[in-house]
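Student: Before I ask anything, here is the structure I am working with.
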Amino acid sequence: MDRASKVLRRSSVRLRSLGAGHSDLNMVISELKDLRHATKAFMAAQNSASQDMVKWATCDENRAIQDIMSQLGELNSMWTDVQKDFIEHLKTFKNHFELILEGEKQLDVAQNQLATCELNEQRIRKELKRASKKATEEEINNLEIKLSQAERAKYLAQLEVVELSHKNEAIKVVRLKEGLLKLSEAYVELANKCAIIFEAQREVSHYLPDVHSRDMNELKYTGSGACKQAVAKAQDRVQLYKRHNYRLVPSSSIIGKI
């Protein structure tokens, strides 16, 4: 994404958020969405380049080049799958912020309801003050009943705001901690699997014959079995990789306790 289009997009996000608020949170969600799309594009570009190299090698007469690039193509497929898993973690991380935003919007609704109740109470008080000078006793009694109902509605709205505010803050912390821990572990997993795969690629690449000061007719490629073994070993290590498990308090249990 070029600089001009990015500035335009950020401005668009802020404009859409003016009425509803939470522009910074909306911007975080938008940027995380762009990050996921950029990561997918990077993955696709790597995969396309690798496939083109394999295609080129297939048409080459050099057996060493054919075999080496074929094995590197296997490693690339493995690396693509690893990146796909990581991209899903980016989506999950974005979802955490979307849930935080949803909680903020629910609190906004409660606060708006409280503001409406307060305005209604103020209006009835003014009517009652004016009515005390010229209204009948029955009219005054009716207004007092309405005032009592308005005060009750405001009290309940205040309770709702306080309860939602406390619950929202607790859930926000839980979701953020859970999201950050899982994303951090996803990056660690990506890095470790990246190291496994590209260490194997380095090992496989070493089996290309050295041509320094040697006649091409004397060169022999004997690394086919070793290359396959290196790729198979990397595949096993990637498949057996285990992530750390963090014991997190589910947000649902927080909701139940508040």
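The values are calculated or read from the model by the stated rules, or taken from the named source; none is laboratory data. Please read these numbers as outputs of a predicted model, since none were measured by experiment. Positions of Cβ are generated from backbone atoms using ideal geometry, with glycine treated the same way; all protein chains shown enter the neighbour counts.
Student: Under 8 Å by Cβ, and 6 or more places apart or on different chains, what pairs join a residue from region 197-215 that is more than 15 Å from residue 70 (Cα to Cα) with one that is modelled with pLDDT under 95 and outside any loop (DSSP other than H, G, I, E, B)?
Tutor: 209/64
Student: Restricting region 173-182 to residues that are of a type outside the set (Val, Ile, Thr) and surrounded by fewer than 18 Cβ atoms within 10 Å (Cβ to Cβ), which is nearest to residue 234 (Cα to Cα)?
Tutor: As a first pass, look at region 173-182 and keep what is of a type outside the set (Val, Ile, Thr): 175-182.
From what's left, surrounded by fewer than 18 Cβ atoms within 10 Å (Cβ to Cβ): 176-177, 180-182.
Details: 176: 34, 177: 32, 180: 28, 181: 26, 182: 24 Å.
Among those residues, the one meeting the criterion is 182.
Student: Can you pull out the residues in region 117-136 that are surrounded by 12 or more Cβ atoms within 10 Å (Cβ to Cβ) and either touching a residue at least 24 places away in the same chain (Cβ under 8 Å) or outside any helix (DSSP H, G or I) (or both)?
Tutor: Hits for region 117-136 are 117, 118, 120, 121, 124, 135.
Student: Any idea which residue in region 152-195 is nearest to the chain's Cα centre (by Cα), counting only those that are hydrophobic (A, V, I, L, M, F, W, C) and under 30 Å from residue 72 (Cα atoms)?
Tutor: Narrowing region 152-195 to residues hydrophobic (A, V, I, L, M, F, W, C): 153, 156-157, 159, 161-162, 164, 170-171, 173-174, 176, 180-181, 183, 186, 188, 190-191, 194-195.
From the residues that got through so far, the ones that are under 30 Å from residue 72 (Cα atoms) too are 183, 186, 188, 190-191, 194-195.
Values: 183: 8, 186: 11, 188: 16, 190: 15, 191: 18, 194: 21, 195: 24 Å.
It comes out as 183.
Student: Taking the condition over 22 Å from residue 206 (Cβ atoms), in contact with a Ser or Thr (Cβ under 9 Å, 6 or more places away or on another chain), in contact (Cβ under 8 Å) with a residue 12 or more places away in the chain and polar (S, T, N, Q), does residue 76 pass?
Tutor: Values: over 22 Å from residue 206 (Cβ atoms): no; in contact with a Ser or Thr (Cβ under 9 Å, 6 or more places away or on another chain): yes; in contact (Cβ under 8 Å) with a residue 12 or more places away in the chain: yes; polar (S, T, N, Q): yes.
So residue 76 fails the test.
Student: When you look at residue 165, is it part of a helix (DSSP H, G or I), small (Gly, Ala, Ser), under 26 Å from residue 100 (Cα atoms) and modelled with pLDDT of 95 or more, yes or no?
Tutor: On the way: part of a helix (DSSP H, G or I): yes; small (Gly, Ala, Ser): yes; under 26 Å from residue 100 (Cα atoms): yes; modelled with pLDDT of 95 or more: yes.
So residue 165 passes the test.
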